[in-house]
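The values are calculated or read from the model by the stated rules, or taken from the named source; none is laboratory data. All of these numbers come straight from a predicted model, not from anything done at the bench. Neighbour counts run over all protein chains shown; Cβ positions are idealised from the backbone, glycine included. Heavy atoms of the whole protein, side chains included, go into the accessibility calculation; ligands, DNA and RNA do not. Shrake-Rupley method; radii C 1.70, N 1.55, O 1.52, S 1.80 Å.
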Amino acid sequence: MSTFIKAQASSIIATLFDFLTTIVCKEFFYFWYVIASLLGTIVGGATNFALGRNWVFNRKEKKIPMQVLKYLIIWNGNLLLSTLGVFIVTHYLGLSYIISKIIVSVTVGVSYNYLLQKRFVFA
């Protein structure tokens, strides 16, 4: 259970970086919300990998190139689900991109990221 709690804390930290990047790109640099969300997801993904490797799953002894490769495979699915999800929820449901990102991030984070990181990336 402590791994799950640490994974959720890591996810929250990564999400803060993700959302901060997304909002800065959208509100200050006037990027299209989909591009801003994509960039935020990239920053959040890098943060989540570093925390997952070093703190959550404590897999520093494993070779990093294989972990990076496995993480990128899973993370590309996350990137696709997150970016497409934000577009669909924002465009078709008419919600704010921030609300859309919250809904999609929580859904993908709990249902996709944790399980695949635990069982595949940092196994």
Tally, over region 56-93, of residues that are within 15 Å of residue 37 (Cβ to Cβ) and hydroxyl-bearing (Ser, Thr, Tyr): 3
Conditions (1) within 15 Å of the chain's Cα centre (by Cα); (2) not in a helix (DSSP H, G or I); number of the one not met by residue 59: (1)
Filter pass, residue 53 being of a type in the set (Lys, Arg) and in a helix (DSSP H, G or I): yes
Residue match in region 61-76 (condition: touching a Ser or Thr at 6+ places or on another chain (Cβ under 9 Å), closer than 12 Å to residue 105 by Cβ, buried (at least 17 other Cβ atoms within 10 Å of the Cβ) and not charged (D, E, K, R)): no
Among (1) open to solvent by 80 Å² or more (accessible area, probe 1.4 Å); (2) modelled with pLDDT under 90, the one test that residue 29 misses: (2)
Residue in region 29-47 that is in contact with a helix residue (DSSP H, G or I) (Cβ under 6 Å, 6 or more places away or on another chain), among the aromatic types (Phe, Trp, Tyr), within 29 Å of residue 66 (Cβ to Cβ) and assigned to a helix (DSSP H, G or I) present: no
Every pair of residues 6+ apart whose Cβ atoms lie under 8 Å, when the first sits in region 1-15 and is closer than 12 Å to residue 57 by Cα while the second is open to solvent by 70 Å² or more (accessible area, probe 1.4 Å): 3/118; 6/55; 7/118; 10/55
Residue tally, condition touching a Gly at 6+ places or on another chain (Cβ under 7 Å) and of a type outside the set (Ser, Thr, Tyr), over region 8-24: 4
Matching option when the condition is open to solvent by less than 60 Å² (accessible area, probe 1.4 Å) and either aromatic (Phe, Trp, Tyr) or under 23 Å from residue 103 (Cβ atoms) (or both), among 3, 22: 22
Residue 88 being surrounded by fewer than 12 Cβ atoms within 10 Å (Cβ to Cβ) and assigned to a helix (DSSP H, G or I): no
Checking residue 83 against (1) under 23 Å from residue 5 (Cα atoms); (2) surrounded by 14 or more Cβ atoms within 10 Å (Cβ to Cβ); (3) under 13 Å from the mean Cα position of the chain (by Cα); (4) polar (S, T, N, Q), the condition it does not meet: (1)
Test set (1) small (Gly, Ala, Ser); (2) open to solvent by 30 Å² or more (accessible area, probe 1.4 Å); (3) touching a residue at least 24 places away in the same chain (Cβ under 8 Å) - residue 45 fails condition number: (2)
